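Below is one structure, written out as C-alpha cells, with a few remarks after it.
The values are calculated or read from the model by the stated rules, or taken from the named source; none is laboratory data. Note that this is a predicted model, so its numbers are computed, not measured. Every residue, glycine as well, gets a Cβ built from its backbone with ideal geometry; the counts of neighbours run over all protein chains shown. Heads up: the accessible areas ignore ligands, DNA and RNA and are worked out on the full protein's heavy atoms, side chains in. Shrake-Rupley method; radii C 1.70, N 1.55, O 1.52, S 1.80 Å.
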Amino acid sequence: MLKNLTALFVLAAFALPVSTALAQTATAPASSAQTGEAPASAAIANPAATPAVTPPAPAPAAAPKRCDFALTLQSDEIFEHKKSVQLSVLNDKGKERIDNEVMTKLATCAKVDLIVVSGHTDLSGSQAQAQKLSEKNADAVVAYLGSKGINAPMDTMGMGKTQQIKSCDDKLPKAKLAECLAPNRRIVVEGRGLAK
C-alpha cells in the first residue's frame, strides 16, 4: 500500500507541470510559423513589402503665346511713282496699312524680339540699282515705324531683284511690263515676340 501511494505522488507531481504547459500553449497567441504570416516587425524592416506611393507627375508647362506676324506691302500700297520710276517714299495707303495691321499686331505683344523689314524690286534696271533701291525701301518703312514710337530691335534687308514672285514677257510695252512686274516690287514686314 505504501508503494501504491508513492507511485500516486510521483504521478501527480509529473502531471501538474505537463497540464500547466498545455494550458499555456492553448492560451498563447499563434506564432508566425503556425499562421504562415510575416511578423509586423518584418514588414517594417523590409520596405519592399510595403507598396510604394508614386506622386502624380507635374503637368507640362504651357508654351508661351507668341505675337509673330508677317505682312507684305505691295508697290501701290507703299511707293510713290513718277513716270514708272519707283521712289522710296511711303504713300498714305501704305502708312494706313502699317497703322492698321503692323501697329495693331505690335500692341498685342508683351515683348518684341525683332522686326525684320526686307525690300524687293523687279527685274528692271541693274543689279546695283535694284539693291540700292530695295535697301532704301526697307529703310523707309523702318523710319516710319520709328516715327510711330516703335523702339523694338529692327533690321533691314535689301533683297534687290533676287526673289521674283512673278515673271512677265519682256517684249511687253514698257508701261505694261511695269504693271505686270508690280507684285515683285514689295516690302515684307515680319515681327517676332511674346504675346501679352
Subject >> Accessible solvent surface per residue of region 71-196, calculated while the other protein chains remain in place, 1.4 angstrom probe, Å² >> reply: 55 Å²
Subject >> Cα-based Lys proximity count in region 143-196, under 23 Å, for pairs eight or more positions apart or on separate chains >> reply: 6
Subject >> Residues LYS136 and ASN100, FRET efficiency given R0 of 25 Å [Cβ-Cβ distance, rounded to 0.05] >> reply: 0.55
Original post:
Separation between the LYS111 and ALA152 pseudo-spin-labels, each 7 Å from Cα along Cα→Cβ, expressed in nm?
Top reply: 1.3 nm
Original post:
Once you list every other residue whose beta carbon is under 10 Å from the beta carbon of ASN184, what net charge do they have if Lys and Arg are +1 and Asp and Glu are -1?
Top reply: +3
Subject >> Using a Förster distance of 22 Å, the FRET efficiency for ASP169-ASP76 (Cβ separation, nearest 0.05) >> reply: 0.55
Original post:
Hey, what do the phi angles of region 111-128 turn into as Karplus ³J(HN,Hα) couplings, whole Hz, using 6.51/-1.76/1.60 and θ = phi - 60°, x for Gly and Pro?
Top reply: 8, 9, 6, 6, 10, 10, 10, 10, x, 9, 10, 8, 7, 5, x, 7, 5, 4
Subject >> Accessible surface of region 115-190, 1.4 Å probe, proportion on carbon and sulfur as whole % >> reply: 54 percent
**OP:** Rounded to the nearest 0.05, what FRET efficiency do THR162 and ALA62 give with R0 = 35 Å and r taken as the Cβ-Cβ distance? Could you check?
**Re:** 0.30
